[in-house]
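Values quoted throughout were computed directly from the atomic coordinates according to the rules given, and no laboratory measurement underlies them. Quick caveat, the model's predicted, so the values are computed rather than measured.
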Amino acid sequence: MVLGVLSIKTISFLVFCVFAIAGLGYLLGRVTIKGVSLGTAGVFIVALLFGALLYNPLAEQLKVAGTTYVTNALKIVENLGLILFVTSVGFIAGPNFFGDFKRNFKSYIVLGLIIILVGGISCWACTYFDIKVYGRDAKEAAAMLVGLLSGSLTSTPAFSAAKATVATESLEAIVAVGHGIAYLFGVVGVVLFVQLVPKFSKANMENERAKLSENNPEQPSKLTGKEIELDPFGFCAFSLVAVIGILIGSIKIGNFSLTTTGGCLLASLIFGHFAKIGKISVTPSTPTLKNFRELGLMLFLIGAGVAGGAEFVKYFEWVYFIYGIIMTMLPMIVGYLFAKYVLKLNLLNNLGSICGGMTSTPALGTLISTAGTEKVAGAYASTYPIALISVVIVSQILILMF
């Protein structure tokens with residue numbers, strides 16, 4: 001009974017912390033310097049600070065209920081946020097996704113591959129440098145640097161694949177450390193990039209939205225208004241599609257799976273495209289999707305940020321942080337320039353593809369706000385699967401090379 005009472009108090013306290021982080025994070029996100037703000041990513045910064053300063057004392061105080069209880073609770077918050085966010089993005093992008101993908105699929109595939117290839121090469125170079133200059137053990141250096149790569153690209157699948165490929169538990173722990181160190185700049189770097197590029201290029205957003213609409217014309221709705229709605233807000237349809245997505249994401253082929261993110265994105269894109277089954281609408285209302293998208297992003301950033309902050313402080317080394325910055329910035333810059341000058345993508349398609357190629361969920365939320373249109377989600381959704389598969393394969397190859 002005592003444990004039960006403590007567990008209820010623990011849950012209440014953790015919920016209190018989630019709302020406190022959200023409130024302070026949104027306040028921080030409103031701070032604007034020369035037109036640039038963190039937006040929802042402010043939640044991530046506050047969550048990181050909370051994790052860095054309070055996570056270990058909190059876990060110690062709550063160890064009666066099991067220290068892992070706090071970690072598990074954070075994973076629940078993070079995964080719930082991912083499901084809400086990605087499923088909403090898929091529904092929003094669905095109506096225009098397949099038409100956009102058909103027109104630009106070669107560009108999306110090439111760009112996704114370029115971004116991950118540059119990330120992989122930079123990871124290999126940093127690993128080689130780390131071994132030669134610092135004399136580190138090759139296996140340990142590779143495990144650390146591949147963990148940094150997955151954190152730089154905020155890629156959970158790459159993180160999981162790297163842990164599954166290394167030979168021992170100690171190397172798994174090193175992969176986790178690298179992921180935690182690089183994750184901070186992996187999130188904030190891409191968020192700032194998609195805001196700064198339009199400002200440095202002095203882009204006229206109204207013109208850029210027009211260009212995006214010309215290349216990605218709005219598809220007519222498949223709904224006539226006579227369909228049967230399962231509930232007024234579309235919660236039922238949303239939930240059913242999320243369940244299907246989770247099941248798809250849980251299918252494993254070797255060490256690879258689409259994960260919850262990829263599964264929910266795929267399922268919601270398909271249902272969003274068809275909009276109905278027979279006379280039954282399977283499309284949630286637009287306000288529902290926008291609210292779920294923002295709520296999901298907030299929860300994801302809190303869950304990932306608190307845990308990441310604790311790892312960041314515990315294992316931080318400047319050289320690893322610099323490696324992480326290189327692995328975040330180089331793929332983005334090369335990808336952006338390649339998309340602009342070789343593929344000739346317009347600015348918003350370019351930046352949407354960068355978010356997808358970097359597998360950056362938070363950056364997409366920021367880009368939607370910066371661009372003032374939901375259509376950028378189409379480029380993200382098109383590039384994301386290519387990058388997802390590529391980064392898993394590249395991570396495994398890098399570990400096996402050393």
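5 Å is the cut-off here: which amide hydrogens, built 1.01 Å from N in the peptide plane, fall below it relative to residue 285, excluding neighbours closer than 5 in sequence?
234
Would you grab the residues whose amide H sits under 5 Å from the one on residue 257? Only those 5+ places off in sequence or on another chain, please, with H modelled 1.01 Å from N.
Sorted by chain and number, the residues that satisfy this come to none at all.
With a/c under 1.5 counting as rounded, go ahead and sort the chain into rounded, prolate or oblate using the C-alpha gyration tensor (a ≥ b ≥ c being the square roots of the eigenvalues; past the cut-off, prolate if a/b is larger than b/c, else oblate).
Oblate shape, in that a/c is at least 1.5 and b/c is the bigger or equal ratio.
Among the aspartates and glutamates, which fall within straight-line cross-link reach of residue 279, defined as a Cα-Cα distance under 19 Å, with same-chain neighbours fewer than 8 residues apart omitted?
227, 229, 231
Does the stretch 210-266 come out rounded, prolate or oblate by the C-alpha gyration tensor, with a ≥ b ≥ c the root eigenvalues, rounded set by a/c under 1.5 and, if not, prolate when a/b is larger than b/c and oblate if not?
Oblate, since a/c reaches 1.5 and b/c is not below a/b.
According to the square roots a ≥ b ≥ c of the eigenvalues of the Cα gyration tensor, what is the shape class of the stretch 183-238, taking rounded for a/c under 1.5, prolate for a/b larger than b/c otherwise, and oblate for the remainder?
oblate
Stokes-Einstein at 37 °C, 0.692 mPa s, Kirkwood radius from Cα pairs: D for the stretch 235-378 in µm² s⁻¹?
It comes out at roughly 185 µm²/s.
Mind scanning 9/75; 106/163; 202/375; 106/375; 34/75; 222/375 and naming the pairs with a C-alpha gap bigger than 26 Å?
106/163; 34/75, as the Cα separations exceed 26 Å there.
How big is the stretch 237-286 on each of its three principal axes, counting only the C-alpha atoms and giving the largest first in Å?
39, 19, 15
Where in the chain are the DSSP H helices whose alpha-carbon span along the long axis reaches 27 Å or more and whose Kyte-Doolittle mean is at least -1.0?
Those that clear 27 Å and a mean of -1.0 are 2-30, 41-61, 67-134, 169-200, 286-315, 318-341, 376-401.
Which cross-chain or sequence-distant (5 or more) residues have an amide H under 5 Å from the amide H of residue 37, H modelled 1.01 Å from N in plane?
none
If I take all pairs of Cα atoms in the stretch 167-265, what percentage of them are more than 22 Å from each other?
Value for the stretch 167-265 (Cα pairs over 22 Å): 68 percent.
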